[in-house]
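Structure first, commentary second.
The values are calculated or read from the model by the stated rules, or taken from the named source; none is laboratory data. These figures come from a predicted structure and were not determined experimentally. With ideal geometry, Cβ positions are generated from the backbone for all residues, glycine too; neighbour counts draw on all protein chains shown.
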Ligand SMILES: [Cu+2]
C-alpha cells in the first residue's frame, strides 16, 4: 500500500512541476522576457566551459595524486609472472578510452556553449549523414576488435593448464559464507577426493577419508607460497557465488558452486621485497596506525591479500585472508609445521571410517619420528645417556606378545642397525607400577628379549645386542594417572657405542 501511495505522490508532484514550468514560460513570453532567457543561455554556456575545464584538470590531477596507490603504477607493479601482460592490456584500454573520454567531454560542453539559444537562431534539420555514420561505426569497431584480440591473446597466454611434467604446487580455495576454506596437498603433493554429501560440521569440505590422498591434506588459515614456483589454485564454492581475487598478483576468478575452475600463477616477489619497494614512496612512510605515530610504518605492515570480489552477502568483508610469499626454505619450514587436518581432527573419532587401522601416512610419520630421535641420540655428546624410545612397539596386555602393527617400528630399528654397522645397543623393557613388582620385572625382561630376538632373526649380530627388563624401577613420570602409567609402559633402547 505504502509504495503505491508514494508512487501516486511522485506522479502528482511531476505533473505540478510541469504545469508550473508551462505557466512560467507563457508568462515570460507575454511579458516579453526573451532577452532575459538569452542572457541565461549565455551564462549557462560559459559555466559549461568552466565546468569541463575544472572537471578534466581534476581528473588528471587526482590520477597523478593517487598514482602510487593504484595497481599497476608506482610501487604496485605486478607481483606475478603473468601480471604485467594484464597491466599492459589495461594501459592500452585506458589509452583509447582516455582519448574518447577527453574528446567527448570537451565536445559535449563546447557544443552547449557554441550552439546556445540566441535571437533568430534556428536549429538545422539533418535527416542522416552517411559519412559521419561510417566514421563513428568503423573507428570504434576497429578499436574494439584490436582490444578484444589482444585480450584473447593475453587470456590464452595466461590460462593454459599445467602439463604433467611441470613442477608446480596445487592448492585449493573453497568459498563458503563467509570464509575461504584453504587446502594444501601435504607431503604427497596430491589433493584428496571430495563429495558434497560427506560435508559435516567437522568435515567442511566433504573430504572422503577412505582416500589416502586426504590423510595428509592441510587446512591452513593463510596462503603461504614460495617465490618463483608455479601455483595452480583450484577454485570452487560451497554455497553462493564468491570470487577468488589476489589483486597484487592480478589473479581473479569466480568461485561457483558445482563448477570447479582454476587459475595458475607464479609469484615473483616475496612479501619482504614488496615491502621494500613500498618503503621508497612517501605515501607508505607514514605510521600504519595514526593513533600510534611511533609504531611501524605503512610499508612495514603491508601484506598481500586474498579478497572475495563478489558481493556475496553481509559477511563479505570477513573473507579477507593474508597471503605470504616467502623463500623456498621458509616455505618448507612453514609447511612442516602444519598438521594434517585428518590426523588432527578426524583420526579415530566418530567420523573416521578407518578407526583403529594403521595408515600409510602414520607409518611414514612414525618412521620420521624414529629417524629424528635416532639422529639426535647419535649426535649427542658422550656425556649424556643416549636413549631412543620405541614408541610404536607395543605388546598385548600382560603378555610378551607383539601387536601386529609393531613390525613397522621394529623394521625401522633393524634398518638402523644395518645402516650403522658399529652400533651396539641395550634394549630395555619398562612397566608401570600396577601388579606385582617381580612379575613386572619378568614381563619387561621377556618383552625386551622379544625385540632382541626379532633383530637376531634379521641377521643382526648377537654381540651388538643386550636385552634387559627394568620392570617398574625406572618410571619416566610418576604413576599417578592412567596417562602417565601409559607413558611408563614402554620399550626403548640405549646406545652403548657407535
Ligand atoms: Cu564472498
Give the number of residues within region 374-388 that are touching a helix residue (DSSP H, G or I) at 6+ places or on another chain (Cβ under 8 Å), under 28 Å from residue 360 (Cα atoms) and crowded, with 17+ Cβ neighbours inside 10 Å. 2
Given the condition away from the ligand (no atom under 16 Å from the Cβ), assigned by TED's automatic domain parsing to the domain that holds residue 188, assigned to a loop (DSSP other than H, G, I, E, B) and free of Cβ contacts under 8 Å to residues at least 40 places away in the same chain, answer yes or no: does some residue in region 208-223 qualify? yes
Of everything in region 32-84 that's in a loop (DSSP other than H, G, I, E, B) and more than 32 Å from the chain's Cα centre (by Cα), which residue is farthest from residue 245 (Cα to Cα)? 32
Going by the structure shown, is residue 386 assigned by TED's automatic domain parsing to the domain that holds residue 479 and within 44 Å of the chain's Cα centre (by Cα)? yes
Mind listing just one residue for me: the one in region 166-177 that is surrounded by 12 or more Cβ atoms within 10 Å (Cβ to Cβ) and farther than 30 Å from residue 314 by Cβ and, of those, nearest to the ligand (Cβ to nearest atom)? 170
The number of residues in region 227-240 that are surrounded by fewer than 19 Cβ atoms within 10 Å (Cβ to Cβ) and either assigned to a strand (DSSP E or B) or within 16 Å of the ligand (Cβ to nearest atom) (or both) is 5
Can you find even one residue in region 410-424 that is in the same structural domain as residue 491 (by TED's automatic domain parsing) and under 30 Å from residue 480 (Cα atoms)? yes
Regarding residue 20, is this residue in the same structural domain as residue 98 (by TED's automatic domain parsing) and either surrounded by 10 or more Cβ atoms within 10 Å (Cβ to Cβ) or within 26 Å of residue 121 (Cα to Cα) (or both)? no
Residue tally, condition surrounded by fewer than 18 Cβ atoms within 10 Å (Cβ to Cβ) and more than 26 Å from residue 375 (Cβ to Cβ), over region 422-444: 9
Can you tell me which of (1) over 24 Å from residue 245 (Cα atoms); (2) at pLDDT 90 or above is the one residue 191 doesn't meet? (1)
What about residue 122, is it exposed (fewer than 13 other Cβ atoms within 10 Å of the Cβ), outside any helix (DSSP H, G or I) and touching a residue at least 24 places away in the same chain (Cβ under 8 Å)? no
Taking region 395-421, which residues are surrounded by fewer than 17 Cβ atoms within 10 Å (Cβ to Cβ) and in contact (Cβ under 8 Å) with a residue 60 or more places away in the chain? 420
Considering 155, 180, which residue is within 16 Å of the ligand (Cβ to nearest atom) and either part of a helix (DSSP H, G or I) or not assigned by TED's automatic domain parsing to the domain that holds residue 84 (or both)? 180
Can you tell me which condition residue 163 does not meet? The list is (1) exposed (fewer than 14 other Cβ atoms within 10 Å of the Cβ); (2) at pLDDT 90 or above, and all the others hold. (2)
